[in-house]
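Rule-based calculations on the coordinates, nothing more; no lab input. Here the structure is a predicted model, which is why all the values come from computation and not from measurement. As a convention, Cβ positions derive from the backbone with ideal geometry for all residues, glycine included, and neighbour counts pool all protein chains shown.
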Amino acid sequence: PIRAPWRVAVLGQKEAMINALYELVQARRKHAFEILVISPSADPTIPHSASVADICASLGYEHLIGRTDEAVFEALHRFRPHLLVSILWPRRVTKAMLDLCSDCINFHPSLLPRHRGSLTQFWSIFDGDSEAGSTCHRMVEQFDAGRILHQVAVPISPDETALSLSHKIAGATEECFRHVLRLFVRDGGGLPEGESWDVNQFPYHYRRIPRGGLIDPEWPLDKIERFIRAMYFPPFAPARAVDADGDKWDVTDIQEYKDFCAGKLQRSQVPWEPEC
C-alpha cells in the first residue's frame, strides 16, 4: 500500500529557515511530504531575507502568518503534524502546541549547552569561543533545554564578526536539518530520544547586550576587540565609545577604537538601525 504523506510543520523565519525549506524539496523527491510553513509576521526581517510567502508559493507549500499563539495552535491542530520544526521562531512554542506532535524539534544557533537564549553570535565571539554552530534538540516547555539530537560546528576565525558568523551558522543549520530529516525518514517517521543534559548548569542569555553596547575603557584591549566584532551586525548599531563629554562614537573595528582614543576618529554618517 502507498504510505500517506508525512506532515511537517515549520515555524520560523530568516535565512536558516528558508534553507530548510529548500532541503525539504530534495526530501520530497523520494518521499511523500505535506508541508505547512508558519511565519511569525508578514513584516520584513532585519537583516532582510527573501519572501517566505513567495518561496512557499513556488514550492507548493502551504503558508500562513501566525501573529498570535492562538492562530498558530489552530493551524497546527488542523494540520496534525508528524514533525514540528522550529527555526528562529521568536516566541515560546506552547505546551498545547507541543502536545499535538510526538516529535517537536528546534534548531538553536549555538552549540548547546553553551549559549542558551538570544544573541548567540554575539556571545560566541565576545566569550572568545573557537567554534560555534547549530544544535537540533527536542522542544520542551523550558527554552533551549530539550534532549540534543545532532550538532554541526563551524570555526570562529580571528576576524569573525556577528554578521559573518550568522551566515556560517545558517549554513550549519541547513546541514543539521538535512541530517535530522534523514534520521526521521530512516526511522519511518520518528526520531531518536536524544542526549539529555543538565540545563541548570548553563546560564540563559536574555536579549540584552552588556553595557547597552558601550565599550568599557577599563577592559583589556583584546576584550574590547572581541566586543567590537561581536557588535558588528549591520544594519544594527555597532559598538560605541564614550568621550569625556559623554558623546557616543560608532566603532566598527579595533583601529577605529585606537583612532578614537587618539582623538582622530571621524564621526559616522551611517543611519544605523536601532540596537538589536
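Some observations on this one:
- Segment 220-266 shape via C-alpha gyration tensor axes, a/c threshold 1.5: oblate
- Reported label for calculated percent of Cα pairs over 33 Å apart given [x] 28; [y] 23; [z] 32: [x]
- Nitroxide proxy distance, nm - points 7 Å out along Cα→Cβ at Asp187 and Gln142: 2.2
- Subtracting the Cα-Cα distance of Asp253 and Asp216 from 0.36 nm times their residue separation leaves 11.8 nm of extension gain.
- Global geometry of segment 111-201, whether rounded, prolate or oblate, following the gyration tensor of its Cα atoms and the 1.5 cut on a/c: oblate
- In this structure the amide hydrogen of Glu34, modeled in the peptide plane, comes within under 5 Å of the amide hydrogens of Trp6, Arg7, Val8, none closer than 5 places in sequence on its chain.
- Most to least packed among 160-167, 250-257 [average Cβ atoms within 10 Å]: 160-167, 250-257
- In segment 173-210, the GluC sites (Glu not before Pro) that fall in loop regions by DSSP, at most 15 other Cβ within 10 Å: Glu193
- Rounded to 5, percent antiparallel among DSSP beta bridges of the chain: 40
- Dipole moment magnitude, nearest 20 debye, the chain about Cα centre, only Lys, Arg, Asp, Glu C-beta charged: 940
- Extending 7 Å from the Cα toward the beta-carbon at both Arg67 and His179 defines two label points whose distance is 3.9 nm.
- Sorted from longest to shortest, the spans of the Cα atoms of segment 1-79 along the three principal axes equal 45, 27, 17 Å.
- Among Cys176, Cys261, Cys104, the residue with the largest mean-square fluctuation in a Gaussian network model of the chain, with springs joining Cα atoms closer than 10 Å, is Cys261.
- Cα gyration tensor shape of segment 39-123, rounded if a/c is under 1.5, else prolate or oblate by comparing a/b with b/c: oblate
- Mean Kyte hydropathy of -1.0 or more with a Cα span along the axis of at least 30 Å, helices from DSSP in the chain: 162-186
- Using the Karplus relation 6.51 cos²θ - 1.76 cosθ + 1.60 with θ = phi - 60°, the per-residue 3J(HN,Hα) values for segment 200-208 come to 5, 8, 10, x, 10, 8, 7, 7, 9 Hz, with x marking Gly and Pro.
- Over every Cα atom in segment 148-226, the radius of gyration and the widest Cα-Cα span, Dmax, amount to 18.0, 57 Å.
- For the cross-link pairs Lys14/Lys168; Lys223/Lys264; Lys95/Lys168; Lys168/Lys248, the ones whose C-alpha atoms lie over 24 Å apart are Lys95/Lys168; Lys168/Lys248.
- Under 5 Å, built H, 5+ apart or other chain: amide partners of Val140: Ala145, Gly146
- For Phe236, distant residues with modelled amide H under 5 Å away: Glu273
- Note on Lys30 and Asp54: the model spin-label points, each 7 Å out from Cα along the C-beta direction, lie 3.1 nm apart.
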